[in-house]
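Every number here is computed from the coordinates shown, using simple stated rules; none is lab data. No experiment lies behind these values; they were computed from the predicted model shown. Neighbour counts run over all protein chains shown; Cβ positions are idealised from the backbone, glycine included.
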Amino acid sequence: MKKIITFCVLLLSVCFTKAQTTEDYIAEHVDHAQELMRIHQLPASIILAVAIHESAAGKSKIAQYLNNHFGIKGENSSTEIRSSYKDYPSVDSSYNHFVAFLHSRTYFDALFDKYDQYDYINWARGIQRAGYARSRTWASQVIGLIKKYELFQYDERPEDYVEAVIPVVERTVRSSGKSKKNRTSTSTKGKMYTVKKGDNLNRIAERNGTSSAILMRKNGLKSSALQPGQKIKL
């Protein structure tokens with residue numbers, strides 16, 4: 001009788017897991033992702049998208065048996081599966097450790113000063129560049145999930161926020177008597193900009209591949225209001 005009951009419980013568990021959609025997963029974990037965002041200024045969209053990507057929206061074995069939703073390796077005490085991945089007492093603990101893990105590594109921690117909680121594109125690229133995943137398409141996949149499920153709506157962006165656009169310019173390189181074009185990103189590091197009549201902080205940020213929040217932080221601005229002739233760091 002006990003075996004029959006156990007089998008039924010396992011069957012119901014499998015059915016529930018299969019029925020859970022990515023939308024269900026988001027609804028279940030968005031509140032905690034936003035709590036972490038407000039404390040650490042890391043986009044909730046990034047937290048959710050990385051978890052969805054690394055755990056197959058909670059359906060992977062390490063998510064089911066170890067509560068590991070971010071593919072972080074470490075010791076575990078599981079007797080159900082053999083794995084090189086860390087185990088957690090709860091899913092929330094896995095989410096908390098993901099943020100703590102980013103803070104614990106210098107190359108990840110630097111991103112918290114560089115990007116704000118609205119700039120999910122540069123966060124995804126920055127985490128990839130710092131070596132979080134081996135796949136070269138990791139950032140693109142995470143960004144794709146954010147756009148597909150519109151996860152940016154949970155980042156509490158200001159109504160006038162303009163998503164950063166990284167400008168790209170073309171330069172001509174001559175080699176072996178032939179000219180060819182290379183696309184390179186422009187850099188605004190160390191540049192100053194003089195505010196003109198009709199300018200606003202969002203437009204200036206958009207033109208220079210950054211965000212208004214970052215410009216305000218760089219320049220110690222308490223308001224986004226600008227005056228013609230004012231100089232700001234880019």
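Observations on the model:
- Volume per residue that the Cα convex hull of segment 46-123 spans, once the total is divided by residue count, Å³: 88 Å³
- 25 °C / 0.890 mPa s Stokes-Einstein diffusion coefficient of segment 186-233, Kirkwood radius on C-alpha pairs, µm²/s: 228 µm²/s
- Sorted ascending by nearby beta carbons within 10 Å, beginning with the fewest, Ile81, Ile52 become Ile81, Ile52.
- The alpha-carbon of Lys61 sits under 12 angstrom from the alpha-carbons of these aspartates and glutamates, leaving out residues fewer than 8 places away in its chain: Glu80, Asp87.
- Restriction of the trypsin sites (Lys or Arg not before Pro) in segment 121-150 to DSSP coil positions whose beta-carbon has at most 16 other beta-carbons within 10 angstrom yields Arg134, Arg136.
- Sequentially through segment 225-234, phi angles give Karplus couplings (6.51, -1.76, 1.60; θ = phi - 60°) of 5, 10, 10, x, x, 5, 9, 10, 7, 9 Hz, Gly and Pro residues having no value and appearing as x.
- Relative contact order (percent, whole number), segment 21-154, Cα cutoff 8 Å, 6+ residue spacing: 27 percent
- Whole-Hz Karplus values for segment 51-63 come out as 5, 4, 5, 7, 10, 6, 6, x, 9, 5, 5, 5, 6 Hz, taken residue by residue from phi with 6.51 cos²θ - 1.76 cosθ + 1.60 and θ = phi - 60°; glycine and proline positions read x.
- Within straight-line cross-link reach of Lys147, aspartates and glutamates at Cα separation under 15 Å, skipping those fewer than 8 residues along the same chain: Glu23, Asp119, Asp155, Glu163
- Trypsin sites (Lys or Arg not before Pro) lying in DSSP loop within segment 61-116, provided at most 14 other Cβ fall within 10 Å: Arg82, Arg105
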